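See structure below.
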Ligand code: OAD
């Protein structure tokens, strides 16, 4: 895969989904062991659910936050960070709310669906960072209730991040890693690349609605797919 990546000469962005963090022990949403097989999104991941029962929603997010805080970035996260450092990758656009790309060393990370380690006050809008999962329903210093700073079903994606993502995908090849490519608008981002004459690579052990449009498909788990890339770039010191 490194040869393909090198052939793009730095005109490359990554679009990641839950599958890249699956190898770090963070559950995906769909599929046999997916979160949406065990929990009902309408009870946990909508604003209505939060208004009805903020305690329950926060319990669920605190449980997931704990999983993220104790997880470690895997070879795929680390390879992407090194590719950025070497000038071969411009940015990571992620649907994931975890912080594993940042912890692996990626600098330019665009979070389309928010961040699980942040909360946002419903009154004053202040964003706060959690060092550990909150117990109960956290309150802002202004007295307002704090919600998880993530995008829920029925909510808009953050405008600035979406614009940056569309712009990047319109001007670069895209490597799509570990997403079922069924949630819009993220799933359509690689089409901007295709329309502008750039290529799409997919890294996913399973077929997705994007697969037939891809120029290269790597049917492996993310950590396994990036093993060789990581080994090669770690060895090449002055590689550009
Ligand atoms: P999904 O759970 O829908 O899909 C995970 C994808 O990862 C599937 O296509 C799997 O085949 C693939 N996969 C599983 N293990 C993998 C591995 N080890 N390496 C590589 N790929 C693997 O997750 P997303 O596509 O990220 O939205 O879901 C998109 C959005 O739906 C999420 O951001 C979330 C969810 O509802 C919000 O919370 C707004």
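The values are calculated or read from the model by the stated rules, or taken from the named source; none is laboratory data. All values reported here derive from a predicted model rather than from experimental measurement. Here the Cβ is made from the backbone with ideal geometry for all residues, glycine too, and neighbour counts use every protein chain on show.
Criterion applied to 131, 155 was being in contact (Cβ under 8 Å) with a residue 12 or more places away in the chain and in a loop (DSSP other than H, G, I, E, B), and the one residue passing it is 155.
Listed by position, the helices (runs of 4 or more DSSP H) enclosed by region 25-90 that each have at least 2 residues that are over 25 Å from residue 129 (Cβ atoms) and away from the ligand (no atom under 13 Å from the Cβ) are 47-52, 75-85. Taking first residues from region 51-66 that are within 15 Å of residue 146 (Cα to Cα) and partners that are surrounded by fewer than 17 Cβ atoms within 10 Å (Cβ to Cβ) and at pLDDT below 95, the Cβ contacts under 7 Å between residues at least 6 apart in sequence or on separate chains come to 55/136; 58/136.
So that you can scan it fast, the table gives a plain yes or no per residue for (1) within 16 Å of the ligand (Cβ to nearest atom); (2) under 15 Å from residue 186 (Cβ atoms):
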position: 112; (1), (2): yes, yes
position: 116; (1), (2): yes, no
position: 121; (1), (2): no, no
position: 133; (1), (2): no, no
position: 141; (1), (2): no, no
position: 147; (1), (2): yes, no
position: 159; (1), (2): yes, yes
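Does residue 55 satisfy being surrounded by fewer than 17 Cβ atoms within 10 Å (Cβ to Cβ) and more than 15 Å from residue 174 (Cα to Cα)? Yes.
Yes/no matrix, rows are residues, columns are (1) free of Cβ contacts under 8 Å to residues at least 60 places away in the same chain; (2) touching a strand residue (DSSP E or B) at 6+ places or on another chain (Cβ under 9 Å); (3) on the phi < 0 side of the Ramachandran plot:
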{"position": "96", "(1), (2), (3)": "no, yes, yes"}
{"position": "145", "(1), (2), (3)": "no, yes, yes"}
{"position": "170", "(1), (2), (3)": "yes, no, yes"}
{"position": "177", "(1), (2), (3)": "no, yes, yes"}
{"position": "192", "(1), (2), (3)": "yes, yes, yes"}
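When you scan region 163-240 for helices (runs of 4 or more DSSP H) that lie fully inside it, which ones turn up with 2 or more residues that are more than 16 Å from the chain's Cα centre (by Cα) and more than 14 Å from the ligand (Cβ to nearest atom)?
189-195, 227-235
Annotation: of all residues in region 1-24 being assigned to a helix (DSSP H, G or I) and more than 8 Å from the ligand (Cβ to nearest atom), the one that is nearest to residue 72 (Cα to Cα) is 21.
Determine whether residue 233 is modelled with pLDDT under 95, buried (at least 17 other Cβ atoms within 10 Å of the Cβ) and in contact with a helix residue (DSSP H, G or I) (Cβ under 6 Å, 6 or more places away or on another chain). Yes; evaluated as a whole, the condition is true for this residue.
Is it fair to say residue 101 is within 14 Å of the ligand (Cβ to nearest atom) and surrounded by fewer than 21 Cβ atoms within 10 Å (Cβ to Cβ)? Spell out the reasoning first.
Working: within 14 Å of the ligand (Cβ to nearest atom): yes; surrounded by fewer than 21 Cβ atoms within 10 Å (Cβ to Cβ): no.
In short, no.
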